[in-house]
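K.L.:
If you scroll down you'll find the structure; I have some questions about it.
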């Protein structure tokens, strides 16, 4: 059995690395030994982060990139023969208006950034991940993609699209050497997410995090219709399993990643499903033939 390449020999691409969860993820991957490629629209931010990571004795390169620009994404992808990890973190929310008055332009921007941006980068780099022989695609969605709340329809719709993209991709590439992981964070306090959502209104942005422990920092959060409740302490040990989720990650629920036996089971189920449709089609065809013969016999009976 071939040994997986070490982290030190592998490249990790992080989108939306200029702040929040993206920047925190980049630091952790760098500490684990990966060679980081940091992408975001704000060049100054990712250059500063790259300098910080390099100064700490790790390896990072900054690359200014708008994930919604497909031509730019395709050009970016040509720089690599293989990559080991892709973290699709770029995204965000705009506005908190009800459906009746929501701005279609905000909805379009959220869809293009959260869904099409993830699609663009994943499509461009998937061949590089396959070529690595042991690739990982991480899709950062949100708990908002698994439920809804007042004033959040545009963001919820976009993050549900991100969730479905990850879930579908996992099924479609069964048998290829790439695992697909979805991270769905809940509320995470950052300096920019809510501020951007509310167009720079600091009062509204601050209100979102009332009662939230200031140590909980990272990236995207689920902005609900009610102030967050204080966290309840639980006994030490792993978190109890949640319905529909395999386990709880450090930043939210992690969607189940099938192992080899699970991949084989899914492939077998799809094969069985195809056979069911084939048999049904043959059965219906047979009924039509029998009916035709009977009608012909009746019409031509002497």
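K.L.:
Restricting the search to the range 115-149, which residues are in contact with a helix residue (DSSP H, G or I) (Cβ under 6 Å, 6 or more places away or on another chain), assigned to a loop (DSSP other than H, G, I, E, B) and closer than 17 Å to residue 183 by Cα?
P.N.:
Answer for the range 115-149, where residues must be in contact with a helix residue (DSSP H, G or I) (Cβ under 6 Å, 6 or more places away or on another chain), assigned to a loop (DSSP other than H, G, I, E, B) and closer than 17 Å to residue 183 by Cα: 141, 142.
K.L.:
Go over the candidates 170, 179 one by one and state the one that is touching a strand residue (DSSP E or B) at 6+ places or on another chain (Cβ under 7 Å), under 24 Å from residue 264 (Cα atoms), touching a residue at least 40 places away in the same chain (Cβ under 8 Å) and in a helix (DSSP H, G or I). I'd like the intermediate steps shown before the answer.
P.N.:
Numbers: 179 fails: in a helix (DSSP H, G or I).
Only one candidate qualifies: 170.
K.L.:
Something else: Is at least one residue of the range 105-114 in a helix (DSSP H, G or I), surrounded by fewer than 17 Cβ atoms within 10 Å (Cβ to Cβ), over 22 Å from the mean Cα position of the chain (by Cα) and modelled with pLDDT under 95?
P.N.:
yes
The values are calculated or read from the model by the stated rules, or taken from the named source; none is laboratory data. It should be emphasised that the depicted structure is a prediction, and the values quoted were computed from it without experimental measurement. Cβ coordinates were reconstructed from backbone atoms using ideal geometry, including for glycine residues, and neighbour counts include every protein chain displayed.
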